[in-house]
1. What is the projected area of the convex hull of the Cα atoms of the range 228-337, averaged over all directions, in nm²?
2. For the chain, take the alpha-carbon Rg, divide it by the Kirkwood Rh, and send me Rg/Rh.
3. Would you mind giving the average projected area, over all directions, of the Cα convex hull of the range 23-176 in nm² with one decimal?
4. How would you rank T100, T219, going from fewest to most other Cβ atoms within 10 Å of each one's own Cβ?
5. Quick one: if you stick a label point 7 Å off each Cα along the C-beta vector at C98 and R140, how many nm between them?
6. How long are the semi-axes of the equivalent ellipsoid of the range 116-199, taking √(5λ) for every eigenvalue λ of the Cα gyration tensor, in whole Å from largest down?
7. Toward the positive end of the charge dipole of the chain, about the Cα centre and with charges on Cβ (Lys, Arg +1; Asp, Glu -1), which of I212, V97, L328 goes farthest?
8. Magnitude of the Cβ-charge dipole of the chain, K/R +1 and D/E -1, about the Cα centre, nearest 20 debye?
Amino acid sequence: MANFDSDAPGYGINVADLDRLAAFPEQNPNLVIETDLTGRVTYLNPEAASRFPGLRDGTDMALLADVADFVVSFRAEGREFASREVMAGDCVFEQKVCYTAAGDDAVLRIYSHDITALKNAERQIAELARRVLHTQEAERHRVARELHDEAGQALAALKISLQLLVAEAPDTIRRSLEEAIDLVESTREQIRRVAYGLRPAALDTLGLSRAIDHLCTETTERTHLTVAYQGRELGRLTDEAEVCLYRFVQEALTNIAVHAGARRAYVRLSVNGDAIRLRVADDGIGMDPGILDDPVRAGLGIVGMRERLALLSGRLEVTSMPGRGTELVAVLPRDVA
Ligand SMILES: Nc1ncnc2c1ncn2[C@@H]1O[C@H](COP(=O)(O)OP(=O)(O)OP(=O)(O)O)[C@@H](O)[C@H]1O
Ligand SMILES: [Mg+2]
């Protein structure tokens with residue numbers, strides 16, 4: 001028999017403690033609700049009663065929507081509590097639903113924390129990130145065009161002028177002029193490469209599949225990797241989706257060339273049900289997928305891929321085993337692309 005005498009040693013609980021414990025939900029700035037197993041409300045703390053008076057007479061039960069089914073599902077997993085998110089009016093609540101057996105009955109205690117401000121902030125950050133990416137791509141587009149149209153054209157004109165001079169130049173300076181022409185040509189090539197990296201013109205002119213094909217061919221020519229491409233034309237996607245998928249392949253192939261020690265890479269663009277799937281695999285050393293959740297070891301490349309995809313409601317799947325290569329799959333829902 002418990003002894004509630006405040007001076008009794010050993011039990012560690014007394015009347016003062018009980019009063020204090022009972023006061024906790026009363027003072028809690030979050031919402032505390034108690035119900036029976038059918039969801040009938042048996043207790044509301046002041047915060048819950050003042051924000052949702054309809055809980056008392058059953059006229060506003062949004063906070064307790066499907067709570068009985070929810071309890072059945074977590075009890076089936078052998079758990080005593082579980083968390084979920086619930087919309088009530090314009091607000092979002094994070095809820096912890098606890099099941100407590102009380103004799104033959106059971107009570108549910110539901111603690112609800114208003115996370116509307118947090119959700120709004122997350123939405124604003126996602127929107128901001130989307131705008132930053134959009135602005136970055138627009139700016140890259142502009143710089144690429146300027147480089148091509150201004151510097152590229154000026155160098156082309158310079159080359160023609162030098163070629164005309166060569167024809168008439170005395171032998172003493174002809175060689176220097178020819179070297180200058182070579183320099184102009186290699187500078188033009190470098191500018192073309194930079195411009196291409198900034199905004200792949202092929203994306204505008206060829207569409208996604210052929211632009212990726214082009215990237216694979218170029219990587220094969222430029223690196224020790226042999227890249228095989230298999231893909232189907234999808235028709236035009238939104239600008240954001242095409243750039244997102246193109247940048248995904250660009251970064252994945254760069255990673256393979258730099259980190260994988262691979263000889264071959266395989267790129268495949270396909271549609272599976274409602275999703276566009278872009279797979280990049282290699283036969284390299286593999287990677288520890290734990291890297292992806294480790295901010296110290298992860299670089300910006302994979303984080304960037306994930307963020308770009310998430311902004312379009314897509315996702316990144318990574319499969320890798322040491323010594324067995326790495327496979328990255330970008331998945332984008334067809335209807336947002
Ligand atoms: N195909 C791959 N094979 C083996 N390891 C890989 C592969 N791709 C990525 N990694 C590993 O994952 C890490 C993170 O890649 P991520 O692209 O995010 O960053 P990074 O390439 O190191 O730097 P950044 O892309 O920011 O220049 C790499 O440092 C590398 O260790
Ligand atoms: Mg990288």
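Quick note: the coordinates plus some simple rules give every number you see, no bench work behind them. Only a predicted model underlies this, so the values are computations on that prediction, with no experimental measurement involved. Backbone-built Cβ (ideal geometry, glycine too); neighbour counts: all protein chains shown.
1. Approximately 6.6 nm², given one-decimal rounding.
2. Dividing the radius of gyration by the Kirkwood radius yields 1.22.
3. On the way: hull surface 72.8 nm².
Its average projected convex-hull area is 18.2 nm².
4. Details: T100 12, T219 21.
Ordered from fewest to most neighbouring Cβ atoms within 10 Å, T100, T219 come out as T100, T219.
5. 5.0 nm
6. Rounded to whole Å, the semi-axes are 49, 9, 6.
7. I212
8. On the way: 39 positive and 53 negative charges, 277 e Å.
Computed about the Cα centre, the dipole is about 1320 debye.
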